[in-house]
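Beneath this line is the structure, given in structure tokens, with notes to follow.
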Amino acid sequence: MQLQFIQEKIFTIRGERVMLDFDLAELFEVETKVLKQAVKRNIERFPSDFMFEISIEEYHSLRSQIVTSTRGGRRYMPYAFTEQGVSMLSSVLKSKKAIGVNIAIIRAFVLLRQHLMNYGDLKKQLLNLESEMNIKFKDINHVLNYLMDKDVQNKEQLNRKRIGFKTMD
């Protein structure tokens, strides 16, 4: 299973990276209804930081990001599973397919986290570089202004009214 395909099914809701129940059901090759029933039978394994039901507003904002069927309506909002919730699903859905898919999903979450950490490091390096360049550009700007003003200052120096002793030639 391609990690890219799985990563496209990971969304951020309420500040958490999650996968939705219908996407997980598709990956596990079970009906969404079967997945939800298995979760409900083992609800004690899914605390609120492992799984939560998304609100209507959250669902509508996600519809613009994902392709969903418009026929029929949803009677219930989808469940969103965090990385820990997805891990717990493998103990609830006890098929070989579920275990294999679960491993691929966990790898996708880990890879996504690594990319985000690398992005943070890159952002920090860019900020440091920007501050260094700002200092250097200020110095260069100062020198260029001095050089441009030098000619004007020389002309002013030559044209100034002289004071002091005059020499007799």
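Each value in this text was obtained by applying a stated rule to the coordinates, not by laboratory testing. Since the structure is predicted, the reported quantities are computational estimates derived from the model, not experimental observations. Neighbour counts run over all protein chains shown; Cβ positions are idealised from the backbone, glycine included.
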Per-residue [θ]222 nm for the chain (sum of -39500 (n - 2.57) over DSSP H runs n ≥ 4, rounded to 500): -21000 deg cm²/dmol
GNM flexibility winner over the chain from Gln37, Gln84, Gln157 (Cα, springs under 10 Å): Gln157
Mean Cα-pair separation over length for the chain, i.e. relative contact order, pairs under 8 Å, 6 or more apart, %: 25
Under Karplus coefficients 6.51, -1.76 and 1.60, residue-wise ³J(HN,Hα) of segment 95-112 in Hz, glycine/proline x: 9, 4, 4, 4, 5, x, 5, 4, 4, 5, 5, 4, 4, 5, 4, 5, 4, 4
Per-selection Kirkwood Rh - segment 1-47 (Cα, Å, 1 d.p.): 11.8
Lys155, Lys166 arranged by Cβ crowding within 10 Å, fewest neighbours leading: Lys166, Lys155
5 angstrom amide H check on Ala80, placed H, neighbours 5+ away: Phe52, Glu53, Ile54
GNM result for the chain, Cα springs below 10 Å: residue of Val86, Val110, Val18 fluctuating most strongly: Val110
Inverse of mean 1/r across different Cα pairs in the chain, Kirkwood, Å: 21.0
Label-point separation in nm, Phe165 to Lys40, each point 7 Å along Cα→Cβ: 11.0
Most mobile of Phe52, Phe137, Phe22 in a GNM of the chain (Cα contacts under 10 Å): Phe137
Radius ratio Rg over Rh of segment 96-157, counting only Cα atoms, Kirkwood formula for Rh: 1.63
